[in-house]
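Everything below concerns the one structure shown next.
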There are 2 protein chains.
Amino acid sequence: MPIETETPLLLLDRDQLDRNIQRMRETLAPFNVTFRPHVKTHKCLEVTERLFVGGKGPITVSTLREADFFFAAGFTDILYGVGIAPNKFAHAARLLEQGAELKLVLDNLESARLLADFAARSDQAFGVLLEVDCDGHRSGIPPNAPLLVEIAQLLQRSGVKVSGVMTHAGNSYDSRSIEEIEAFARRERDAIVQAAQLLRNAGFEVPMVSVGSTPTALFTHDLTGVTEVRAGVFAFFDLVMAGLGVCQVQDIAVSVLTTVIGHQPDKGWVIVDAGWMALSRDRGTAKQPVDQGYGVVCDLSGQPVGDLIVTAANQEHGIISSRSGNPEVALALPVGAQLRILPNHACATSAQHAGYHVSTEGRRLGYWPRIAGWGISL
Amino acid sequence: MPIETETPLLLLDRDQLDRNIQRMRETLAPFNVTFRPHVKTHKCLEVTERLFVGGKGPITVSTLREADFFFAAGFTDILYGVGIAPNKFAHAARLLEQGAELKLVLDNLESARLLADFAARSDQAFGVLLEVDCDGHRSGIPPNAPLLVEIAQLLQRSGVKVSGVMTHAGNSYDSRSIEEIEAFARRERDAIVQAAQLLRNAGFEVPMVSVGSTPTALFTHDLTGVTEVRAGVFAFFDLVMAGLGVCQVQDIAVSVLTTVIGHQPDKGWVIVDAGWMALSRDRGTAKQPVDQGYGVVCDLSGQPVGDLIVTAANQEHGIISSRSGNPEVALALPVGAQLRILPNHACATSAQHAGYHVSTEGRRLGYWPRIAGWGISL
């Protein structure tokens with residue numbers, strides 16, 4: 001990137017992206033599972049197309065806006081991974097009407113009743129996955145709860161297809177070792193297989209048995225009984241994943257390009273033009289053994305510069321300083337110098353930008369736009 | 001808002017916005033100063049127009065993209081409040097060429113030399129404010145530093161106009177009482193007047209003497225020697241400002257509309273469809289006496305619901321629970337219920353959305369778009 005490039009902006013290394021995708025593909029190859037990547041991290045057509053070898057495979061989305069966008073681009077098999085709310089039924093029905101194989105998620109009787117009522121007045125054949133709680137992270141029904149069968153029966157009576165069960169081991173992000181991640185992967189698999197069995201014992205077919213998170217997907221040893229795996233951040237990786245030991249810092253495919261605008265010599269600070277608007281307010285490494293502030297500072301080749309991190313962020317100002325308090329490396333960076341900041345959380349940092357400035361083998365390749373927002377675009 | 005409205009989305013109460021603007025106007029009326037509001041909080045033409053009684057007054061921007069947008073809309077007097085980097089000189093020159101009265105900011109000799117070199121090869125008359133550090137917050141030169149005169153002389157020799165001095169009492173956000181805010185306001189005013197005097201003693205005219213932050217602007221008692229005041233978040237206010245005592249919780253003009261999608265009865269959790277993508281990762285109240293999590297939960301009329309706050313946020317999931325651990329109020333909220341979440345930080349939360357769903361007197365008024373991004377739009 002020439003110095004004339006206005007900063008801040010979001011960089012994506014396509015070669016590293018491809019290596020990260022290849023790693024996930026090879027990791028899952030020995031298992032008899034479908035891969036259903038989550039597009040919420042990148043929200044980008046060009047990235048999503050690279051996730052599949054030929055064709056447009058099944059995807060997971062975090063918003064119906066993503067579903068609209070990717071369906072229009074030819075992706076038909078779509079799982080909307082957030083518990084459905086009544087004010088989204090009509091939107092989901094439109095997608096089904098257009099031909100999308102959209103699957104919804106829910107975890108309670110109220111939602112099931114509301115959807116059943118809506119479905120009874122609709123021409124569309126809704127399909128639902130019941131959300132299972134494998135680790136106490138947020139949503140979901142315990143895998144041994146009779147409630148699973150109650151909900152499935154209620155839906156079936158109303159003509160809503162129970163397509164299967166899904167879970168997400170979100171607490172694997174708080175692991176302290178690969179062994180802990182492996183234990184989360186076992187819990188995730190065991191819980192979903194237990195829930196599927198409960199429903200099968202009650203006479204349901206349960207064709208979809210879905211698990212996923214980047215840590216558990218990369219460190220699973222057994223997916224017996226699981227039909228598909230979801231993961232999203234693996235394509236980019238980030239400092240939280242590096243802190244978990246899931247990847248190395250050099251595997252991170254996205255970074256924020258920024259420029260030095262000044263110094264505070266007495267404090268050993270470098271001031272740059274990437275604040276939280278460019279980096280996000282995510283502080284995901286704060287609870288890890290190594291707190292990376294608002295991101296690790298690299299040179300243009302992607303090598304960390306000394307032990308510099310972004311220690312504070314205002315809207316359009318970042319403050320860089322040395323972790324060990326040594327001001328020399330920081331103060332040697334002249335005004336106008338360009339740096340790359342590795343993100344704590346690739347999903348959050350990428351969401352602060354309208355798209356990716358993509359490079360391959362050090363050459364600029366182009367600009368890949370992202371989508372944003374939720375419901376109807378206004 | 002009818003239940004059919006897809007959530008999450010960003011609400012703006014225009015009547016409250018107008019009251020907040022009126023308060024700032026009345027607070028500054030007794031002083032002989034120009035008001036130069038910061039548009040970075042809202043980034044919205046309709047909001048900016050309401051900041052002025054007739055006409056399009058002087059504004060402060062945080063990006064050159066904002067400068068482009070507001071200049072195209074008729075705002076000509078623009079201060080870009082972030083230290084200028086060499087890779088933005090050409091963009092600034094284009095704005096000057098188009099007729100903008102754009103003022104730049106810098107705080108060091110390197111930036112001054114680089115700008116002087118560029119200006120010598122340019123047809124444009126650059127104008128600069130020297131940034132002064134009044135509280136150790138981030139950027140700026142100490143108000144008594146001979147460096148101020150050195151930089152001013154260097155710029156003047158190169159034909160760059162030294163338009164004045166500016167400072168921002170950013171550390172006033174960490175105050176614990178109104179008395180502390182008043183002390184920050186005094187420091188801010190005293191520092192900038194001292195810096196202006198230093199330059200005047202060296203023969204400079206210093207027509208612009210600029211201060212500003214929402215807390216100090218609202219609690220200043222003396223602006224003698226100051227020519228203009230900047231502030232941004234006052235138009236919306238937020239929980240950080242309420243925690244400081246600068247406003248009341250009911251003065252907050254923006255909120256995120258969200259819908260209940262489920263519960264975890266054993267934990268007393270309500271799960272909603274606003275996660276950090278809709279709320280932002282900002283945790284500005286974490287360091288205040290009352291930590292508001294990811295936001296205070298209100299009903300559709302804007303009244304807080306019990307002592308509920310958003311205690312955790314994933315990308316598209318928010319977890320709501322009671323501050324005191326009482327699960328009853330939370331668990332009584334049915335699936336499909338809509339709630340309003342007041343933001344920790346209005347700048348950060350608003351930045352997660354493409355625009356505002358605006359209401360007046362409880363009626364829907366329309367949609368006001370925001371702008372985003374930095375340099376050239378791609």
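The table that follows gives values for the structure above.
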read-out	value
Test: residue in segment B:26-33 that is in the same structural domain as B:V128 (by TED's automatic domain parsing), among the charged types (D, E, K, R) and either over 23 Å from B:A185 (Cβ atoms) or at pLDDT 95 or above (or both)	yes
Any hit, segment B:100-109, residues being of a type outside the set (K, R), more than 14 Å from every other protein chain (Cβ to nearest Cβ) and under 30 Å from B:K287 (Cβ atoms)	no
Residues that are modelled with pLDDT of 95 or more, of a type outside the set (A, V, I, L, M) and surrounded by fewer than 21 Cβ atoms within 10 Å (Cβ to Cβ), drawn from segment A:45-61	A:E46, A:E49, A:R50, A:F52, A:K56, A:G57, A:P58
Residues that are in contact with a Ser or Thr (Cβ under 8 Å, 6 or more places away or on another chain) and not basic (K, R), drawn from segment B:221-231	B:V226, B:T227, B:E228, B:V229, B:A231
Segment B:76-99, residues that are surrounded by fewer than 23 Cβ atoms within 10 Å (Cβ to Cβ), more than 14 Å from chain A (Cβ to nearest Cβ) and aliphatic (A, V, I, L, M)	B:L96
Residues of segment A:276-302 classified as over 19 Å from A:L10 (Cβ atoms) and either without any contact (Cβ under 8 Å) to a residue 12 or more places away in the chain or aliphatic (A, V, I, L, M) (or both), total	3
Given (1) closer than 23 Å to B:A274 by Cβ; (2) aromatic (F, W, Y); (3) more than 14 Å from every other protein chain (Cβ to nearest Cβ), number of the condition A:F71 does not satisfy	(1)
Candidates A:V305, A:V297, A:V335, A:V290, filtered to the one that is part of a loop (DSSP other than H, G, I, E, B) and more than 14 Å from chain B (Cβ to nearest Cβ)	A:V290
Complete set of residues in segment A:146-178 that are within 14 Å of another protein chain (Cβ to nearest Cβ), over 17 Å from A:Q197 (Cα atoms) and in contact (Cβ under 8 Å) with a residue 40 or more places away in the chain	A:L154, A:H168, A:A169, A:G170, A:S172, A:Y173, A:D174
B:E361 touching a helix residue (DSSP H, G or I) at 6+ places or on another chain (Cβ under 9 Å), acidic (D, E) and crowded, with 21+ Cβ neighbours inside 10 Å	no
Any hit, segment A:310-330, residues being among the hydrophobic types (A, V, I, L, M, F, W, C) and in a loop (DSSP other than H, G, I, E, B)	no
Yes/no for B:T285 being assigned to a helix (DSSP H, G or I), in contact with a Gly (Cβ under 6 Å, 6 or more places away or on another chain) and among the polar types (S, T, N, Q)	yes
Index of the failed condition, A:A112 passing every other in (1) of a type outside the set (D, E); (2) within 14 Å of another protein chain (Cβ to nearest Cβ); (3) at positive phi	(3)
So A:R36, is it of a type outside the set (S, T, N, Q) and within 14 Å of chain B (Cβ to nearest Cβ)	no
Conditions (1) under 30 Å from A:P86 (Cα atoms); (2) over 23 Å from the mean Cα position of the chain (by Cα); number of the one not met by A:A351	(2)
Test for B:L64: is it surrounded by 20 or more Cβ atoms within 10 Å (Cβ to Cβ) and over 14 Å from A:D273 (Cα atoms)	no
Residues being in a strand (DSSP E or B) and within 16 Å of B:Q264 (Cα to Cα) - total across segment A:113-152	4
Positions within segment B:121-144 being over 25 Å from B:F71 (Cα atoms) and away from chain A (no Cβ under 11 Å), in sequence order	B:V132, B:C134, B:D135, B:P143, B:N144
Members of segment B:218-230 that are out of contact with any helix residue (DSSP H, G or I) (no Cβ under 7 Å at 6 or more places or on another chain) and crowded, with 23+ Cβ neighbours inside 10 Å	B:R230
Residue count, segment A:257-287 (criterion: under 27 Å from A:D174 (Cα atoms) and within 11 Å of another protein chain (Cβ to nearest Cβ))	11
Segment B:344-378, residues that are under 26 Å from B:V310 (Cβ atoms), within 7 Å of chain A (Cβ to nearest Cβ) and part of a loop (DSSP other than H, G, I, E, B)	B:A351, B:A354, B:A372
Close pairs from segment A:37-65: first over 11 Å from A:G81 (Cβ atoms) and of a type in the set (K, R), partner modelled with pLDDT of 95 or more and buried (at least 24 other Cβ atoms within 10 Å of the Cβ), Cβ under 6 Å, at least 6 apart	A:K56/A:F75
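The values are calculated or read from the model by the stated rules, or taken from the named source; none is laboratory data. What you see is a predicted model, and the numbers here were worked out from it, not measured in a lab. Backbone-built Cβ (ideal geometry, glycine too); neighbour counts: all protein chains shown.
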